[in-house]
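The values are calculated or read from the model by the stated rules, or taken from the named source; none is laboratory data. Note that this is a predicted model, so its numbers are computed, not measured. Heads up, the Cβs are rebuilt from the backbone with ideal geometry, glycines too, and the neighbour counts pull from every protein chain shown.
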Amino acid sequence: MAPARPIRSSENVGRGTLFALPTLPIGVVLWLVIWNFGWMSSLVTFAAAAMAARFYVMGAGGLSRKGVWVIAAITAATAILSFVAGVWLDAAKYINSQPLSLITSSEPWT
């Protein structure tokens, strides 16, 4: 009798991507907290990559080459959006304004 092979379930890339997307706002908030202390930490990028990988595997049921590309894209987007949000927060502090008022009011842009 031949030994039984483990049945490998197929990976659901779409579901894994949806599960990994909450990494974006969590990473941006973590970056902004560290940014307010005057630091620019690359650890946030590592944390975002680990978090995206964990969430992806939870949603997809496995990890393949496609999943690695999804995780890399989410990590890169988190890093870029985090830096832009940090600069935006500094601009709001410089103008002595609330961060959301930079979007809704035309006064800071004149």
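In the stretch 20-62, which residue that is surrounded by 20 or more Cβ atoms within 10 Å (Cβ to Cβ) and of a type in the set (A, V, I, L, M) is farthest from A76 (Cα to Cα)?
Within the stretch 20-62, the match that is farthest from A76 (Cα to Cα) is A60.
Sort out which residues of the stretch 21-31 are in a helix (DSSP H, G or I) and within 8 Å of the chain's Cα centre (by Cα), and write them in order of number.
T23, L24, P25, I26, G27, V28
Please go through the stretch 27-54 and pick out each residue that is farther than 25 Å from G67 by Cα, among the polar types (S, T, N, Q) and free of Cβ contacts under 8 Å to residues at least 24 places away in the same chain.
Selection gives S41 alone.
Can you name the helices (runs of 4 or more DSSP H) wholly within the stretch 32-110 that have at least 2 residues being modelled with pLDDT under 90 and over 28 Å from N12 (Cα atoms)?
The helices (runs of 4 or more DSSP H) meeting that bar are 65-94, 101-104.
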